[in-house]
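Here the structure is laid out as structure tokens; the discussion comes afterwards.
The values are calculated or read from the model by the stated rules, or taken from the named source; none is laboratory data. Values in this document were obtained by computation on a predicted structure and should not be read as measured data. Cβ sites come from the backbone with ideal geometry, for glycine too, and all protein chains shown count toward neighbours. Protein only, heavy atoms only, side chains kept; ligands, DNA and RNA dropped before computing areas. Shrake-Rupley method; radii C 1.70, N 1.55, O 1.52, S 1.80 Å.
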Amino acid sequence: MDAVFDNLDIFAEGLRRTVELSLFAAVAALIGGTLLATMRVGPVPPLRWAGTAYVEIVRNTPLTVVFFFVVFVLPRLDIVFSYFTFAVLALSIYHAALVCEAVRSGINGVDVGQAEAARALGLTFGQNFRLVLLPQALRAVLQPLGSVLSALIRNTSIAAAFGVQELTGVVQRLTTANPDAVIAVLLGGVVGYLILTLTLAVGLAITERRLERTR
């Protein structure tokens, strides 16, 4: 275990990078996914078609392919960012489709009568969605969203193959430098991901309990 304890600072740096990657991508995916869900349940057919096409294409494309597209195709279109930003973009593009489906399922689970009552009161679709449908839908889909965000944290490992030195990148580097301690280094990486995913699970459980008390 010396290979782990002697390199705790390197593990900490990789963990920090993974947290940053996860946070930025999660925020972007939640915003993008909610907008896509709005498009898919909205009254404008072209927007519904566009939202459906995005979700079906992206969620049926391997995340690695999305990374390849973002990292190698966008620069050919003169869109150039750091590898870290490209990784955030790829993760958010992919997981926005998954967030969309989770939010849409929550919206579809809201009693139709509530939306009809809101329309009868004169609320526009935007007001109805923002004030009536979305708050109830988010309460109902906390667990599915938690699963999507947990998968996002684990999927940040793909960024290591594209030049981002997050936790998996650190593990790869340390296993190369310490071939006699591969198992210990891998266990160190596993512990790092467990810390992140369990922290997310606890945070979502606390949030869910608080929402239950305010319902």
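Evaluate E = 1/(1 + (r/R0)^6) for V73 and I31, where r is the Cβ-Cβ distance and R0 equals 30 Å; express this FRET efficiency to the nearest 0.05.
0.80
Here's the picture: charge each Lys and Arg Cβ at +1 and each Asp and Glu Cβ at -1 in region 1-83, and of T64, T52, I31 the one pushed furthest to the positive end of that dipole is T52.
Using 1/(1 + (r/R0)^6) with R0 = 25 angstrom and r between the beta carbons of R154 and A50, what's the FRET efficiency to the nearest 0.05? Display every interim value, and only then the final one.
On the way: r = 29 Å, r/R0 = 1.17.
Once rounded, the FRET efficiency stands at 0.30.
With R₀ set to 41 Å, the beta-carbon distance separating T61 from I206 gives a calculated FRET efficiency near 0.75. Per-residue ellipticity at 222 nm, computed for the chain from helices alone with -39500 (n - 2.57) per DSSP H run of at least four residues, works out to -25000 deg cm²/dmol. Averaged over its residues, the chain has an accessible area of 55 Å² per residue, based on protein heavy atoms and a 1.4 Å probe. Per-residue Karplus couplings for region 146-154, computed as 6.51 cos²θ - 1.76 cosθ + 1.60 with θ equal to phi - 60°, are listed in order as x, 5, 5, 5, 5, 5, 4, 4, 5 Hz, Gly and Pro entered as x.
What's the magnitude of the charge dipole for the chain around its Cα centre, counting Lys and Arg as +1 and Asp and Glu as -1 at the beta-carbon? Answer in Debye, nearest 20. Don't skip to the end; give the middle numbers.
Values: 16 positive and 14 negative charges, 175 e Å.
Taking the Cα centre of the chain as origin, the dipole is about 840 debye.
If the elastic network links every pair of Cα atoms under 10 Å, which of R173, R48, R76 fluctuates the most in the Gaussian network model of the chain? Residue with maximal mean-square fluctuation among R173, R48, R76: R76.
Leaving ligands, DNA and RNA out of it, report the carbon-plus-sulfur percent of the accessible area of region 144-215 at a 1.4 Å probe. If you can, show how the numbers build up before the last one.
Values: 2570 of 3930 Å².
That fraction is 66 percent.
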